[in-house]
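Below is one structure, written out as structure tokens; the observations come after it.
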Amino acid sequence: MATFIIPVNPRRSFLNEIFKDGNTLLWIHKRGYPKYQEGDILYMYISSPVKEIYFKARVNRTNVQANLEELSERSTWIKEEDLEEQVRNNNNDEIELIRKVPENLRSQLSIDALSSNGFMKNFPFGKPVNISDNERLIHYIESVIEEKNSI
């Protein structure tokens, strides 16, 4: 099992739609991204201008095929062309929500707070980062998330 921080672009995805209608969703697996395995943990980091972790999720299944209807039912995309890319790519990971980070704790999971706890501040924005070997950072993130866990 691996642990990743994955970026979510608030200019491309409606943040209030992520996990809105349930605890699972199909997340596009882009070429060049790490291959997730079932059971991997994903900390979903909302990129600029937010720069905070909002969700902790687990990969349930990989290489999930879905049609336009299935993907559009639970789409979080702002632009239609992003949904169309997901349909064309047709390689999704089913991820399950474990925790939503309460709003009052999100600042503790900002890029500055993460950097103060072992995260490389200049990580490649736009690509997932494997933090499996960074026990200090994982421990810090978990201590914040578990402080007042709620879904």
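The values are calculated or read from the model by the stated rules, or taken from the named source; none is laboratory data. None of these values were measured; they are calculated from a predicted model. Ideal geometry is used to build each Cβ from the backbone, glycine not excepted, and the neighbour counts take in all protein chains shown. We work out accessible area using only protein heavy atoms, side chains counted, and drop any ligands, DNA or RNA first. Shrake-Rupley method; radii C 1.70, N 1.55, O 1.52, S 1.80 Å.
Brief remarks on what is shown
- Taking a point 7 Å out from the Cα of S115 in the direction of its Cβ, the residues of region 52-81 whose backbone N falls within less than 20 Å of it are 52-54.
- Nearest-ten-degree value, helix 80-89 long axis tilted from longest Cα axis of the chain: 80
- Loop exposure criterion: chymotrypsin sites (Phe, Trp or Tyr not before Pro), DSSP state outside H, G, I, E and B, at most 14 other Cβ atoms within 10 Å. Applied to the chain, the longest stretch between such sites is 15-124.
- Lys/Arg +1, Asp/Glu -1 at C-beta; region 35-151 dipole; positive extreme among N63, M120, M44: M120
- CD proxy at 222 nm, helix term only [per DSSP H run n ≥ 4: -39500 (n - 2.57); per residue of the chain; nearest 500]: -6000 deg cm²/dmol
- Under the Karplus curve 6.51 cos²θ - 1.76 cosθ + 1.60, θ = phi - 60°, whole-Hz ³J(HN,Hα) for region 109-118, x wherever Gly or Pro sits: 10, 6, 4, 5, 5, 5, 5, 5, 10, x
- For the chain, the alpha-carbon coordinates run over 42, 28, 25 Å along the three principal axes, in decreasing order.
- Separation of alpha-carbon centers, region 70-89 and region 24-68, rounded to whole Å: 14
- Here region 85-144 has 45 percent of its accessible surface on carbon and sulfur atoms, given a 1.4 Å probe and all protein chains in place.
- The mean accessible area for residues of region 1-109, using a 1.4 Å probe and ignoring ligands and nucleic acids, is 51 Å² per residue.
- Potential extension, N16-E85 segment - 0.36 nm per residue separation minus Cα distance: 22.7 nm
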